[in-house]
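Colleague: Structure in structure tokens, see below.
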Amino acid sequence: MQSLKWSVISFTEKGAELAEKIKRLSKEQQLPCEIHTYHGRKQVENLNAWTKEQFSLRNVILFIGACGIAVRTIAPFLKDKLTDSPVLVLDEAGNYVIPLLSGHVGGANEIALQLAELLGAVPVITTATDINNAFAIDVFAQKHDLSIDKKEGIKKVSAKELEKKKLSMTIAPEYAAKVDVAIGTPEDGQKPEPLLTLIPKEYILGIGCRRNKEEQELKAFAENCLKEAGVDWKQIRAIASIDKKKDENAILKLAAEHGIPFLTFDAETLSRVSGTFDSSVFVESQVGVDNVCERAAMAACRDNGRLVLQKKAENGMTLAIAKEDWRLTLYEE
């Protein structure tokens, strides 16, 4: 399964020691992250190129050092608050941890709290909704597997919340039967004009491919399959494959580009997935299970998963799409 990848970079010996301490403590505490440490010029010859790569993979970036270094380094690569990497800064004494970028959608605020607890540091959270203990629509969306259609609406919704004005919410009829509380409906003849539209993420993309497949070729294949199925990237909750593909660059880049988790399963787990699948003796001889894309898509489903696009194959690539029942839960399970 997926764990967040943290890239921790330091610039002094004291900072390097702190980076290794974080790596050790996170392992002891079993935090859901995979930490890679880098020590300045000894391991990173070109800081800009390194940072660009981290952004392309949507890795968490933790700078151990001054805020100024972090700000100047990440500036050329900032694009969108919904797709930028989470970026944090920690002073080399381990006293203060500051989420600089992607505090909500990327989870930098939550990571800052984890780090603070791990090190006994002070988390410096600056987002208005957090410091005012107010409802944050982007956190709500992330928690409930919802895509944000137009990011401009986040500011409008947050402004109403911070001004203590009432917020209303409605849910599309096709999902009304899947919630515990029906949240409003417009009166007959009225067309709602929301500040923000949230789109349920209810599809899983199962992918298999030949080793070192070209990134653009896989991307074009995936987009053609999505078009055929009538599914948008904003509706995809996860990309799934076999664990032998966990480092497959083309899949990693595809997932990172759209901010989608990449989940992997071992062959034994995939072989236990029930259903009728397009089996291949050759695939089984190579990876230990007769089908990757369909089984992986189904393995990643949480509720009543079903294939809506069966296996498509093209030039060493396979893809299938599964749909699960999206459900809005207004309480902790």
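The values are calculated or read from the model by the stated rules, or taken from the named source; none is laboratory data. For clarity, every value in this text was computed on a predicted model and none was experimentally measured. For neighbour counting, all protein chains shown are included, and Cβ atoms are generated from backbone atoms with ideal geometry for every residue, glycine included. The protein model used for the area step is the full one, side chains on, heavy atoms only, and it has no ligands, DNA or RNA in it. Shrake-Rupley method; radii C 1.70, N 1.55, O 1.52, S 1.80 Å.
Colleague: Of all residues in region 252-262, count the ones that are under 19 Å from residue 33 (Cα atoms) and either open to solvent by less than 20 Å² (accessible area, probe 1.4 Å) or among the aromatic types (Phe, Trp, Tyr) (or both). So that I can check it myself, show each step before the final result.
Modeller: Looking only at region 252-262, we keep the residues that are under 19 Å from residue 33 (Cα atoms), and these are 252-253, 255-256, 259-262.
Applying the additional criterion that residues be either open to solvent by less than 20 Å² (accessible area, probe 1.4 Å) or among the aromatic types (Phe, Trp, Tyr) (or both) yields 255-256, 260, 262.
Residues meeting the conditions: 4.
Colleague: Looking only at residues that are open to solvent by 40 Å² or more (accessible area, probe 1.4 Å) and part of a helix (DSSP H, G or I) in region 263-279, which one is nearest to residue 317 (Cα to Cα)? Explain how you work it out, then say what you get.
Modeller: Initially, region 263-279 is screened for residues open to solvent by 40 Å² or more (accessible area, probe 1.4 Å), giving 266, 268-269, 271-272, 274-276, 278-279.
After this cut, where a residue has to be part of a helix (DSSP H, G or I) as well, the list is 268-269, 271.
Numbers: 268: 21, 269: 21, 271: 20 Å.
The selected residue is 271.
Colleague: Continuing with this model, one more query. Quick one: which strands (runs of 3 or more DSSP E) lie wholly within region 194-257 and hold at least 2 residues that are at pLDDT 95 or above and among the β-branched types (Val, Ile, Thr)?
Modeller: Working: elements: 198-200, 203-209, 236-242.
In region 194-257, 203-209, 236-242 are the strands (runs of 3 or more DSSP E) which contain 2 or more residues that are at pLDDT 95 or above and among the β-branched types (Val, Ile, Thr).
Colleague: Pick from region 288-333 the residues that are of a type in the set (Val, Ile, Thr) and within 24 Å of residue 198 (Cα to Cα): which of them is surrounded by the fewest Cβ atoms within 10 Å (Cβ to Cβ)? Walk me through it before giving the result.
Modeller: Step one: list which residues in region 288-333 are of a type in the set (Val, Ile, Thr), which gives 289, 292, 308, 318, 321, 329.
Then drop every residue that is not within 24 Å of residue 198 (Cα to Cα), which leaves 308, 321, 329.
Values: 308: 16, 321: 25, 329: 11.
By that ranking, first place goes to 329.
Colleague: Have a look at 266, 247, 243 and point out the one that is over 24 Å from residue 326 (Cβ atoms), in contact with a Phe, Trp or Tyr (Cβ under 8 Å, 6 or more places away or on another chain) and free of Cβ contacts under 8 Å to residues at least 40 places away in the same chain. Working first, answer last.
Modeller: Details: 266 fails: in contact with a Phe, Trp or Tyr (Cβ under 8 Å, 6 or more places away or on another chain); 247 fails: in contact with a Phe, Trp or Tyr (Cβ under 8 Å, 6 or more places away or on another chain).
Residue meeting the stated conditions: 243.
Colleague: Here is a follow-up. When you check residue 282 against the structure, is it part of a helix (DSSP H, G or I), open to solvent by 20 Å² or more (accessible area, probe 1.4 Å) and either polar (S, T, N, Q) or free of Cβ contacts under 8 Å to residues at least 40 places away in the same chain (or both), yes or no?
Modeller: On the way: part of a helix (DSSP H, G or I): yes; open to solvent by 20 Å² or more (accessible area, probe 1.4 Å): yes; either polar (S, T, N, Q) or free of Cβ contacts under 8 Å to residues at least 40 places away in the same chain (or both): yes.
Yes.
Colleague: In addition: Restricting attention to region 124-177, which residues are over 25 Å from residue 327 (Cα atoms) and not in a helix (DSSP H, G or I)?
Modeller: Within region 124-177, 124, 125, 126, 127, 132, 133, 163, 164, 165 meet the criteria.
Colleague: Anything in region 285-313 that is outside any helix (DSSP H, G or I) and under 12 Å from residue 208 (Cβ atoms)? List them, or say none.
Modeller: Here is the first cut: in region 285-313, the ones outside any helix (DSSP H, G or I) are 288-292, 300-313.
Selection gives 289, 290, 291, 292, 311, 312, 313.
Colleague: Here is a follow-up. Every residue in region 82-118 that is more than 21 Å from the chain's Cα centre (by Cα), touching a residue at least 40 places away in the same chain (Cβ under 8 Å) and open to solvent by 30 Å² or more (accessible area, probe 1.4 Å), please. First the steps, then the outcome.
Modeller: Pass one, region 82-118, residues more than 21 Å from the chain's Cα centre (by Cα): 90-97, 116-118.
If we keep only those that are touching a residue at least 40 places away in the same chain (Cβ under 8 Å) as well, we get 90, 92-94, 118.
Within region 82-118, 92, 93, 118 meet the criteria.
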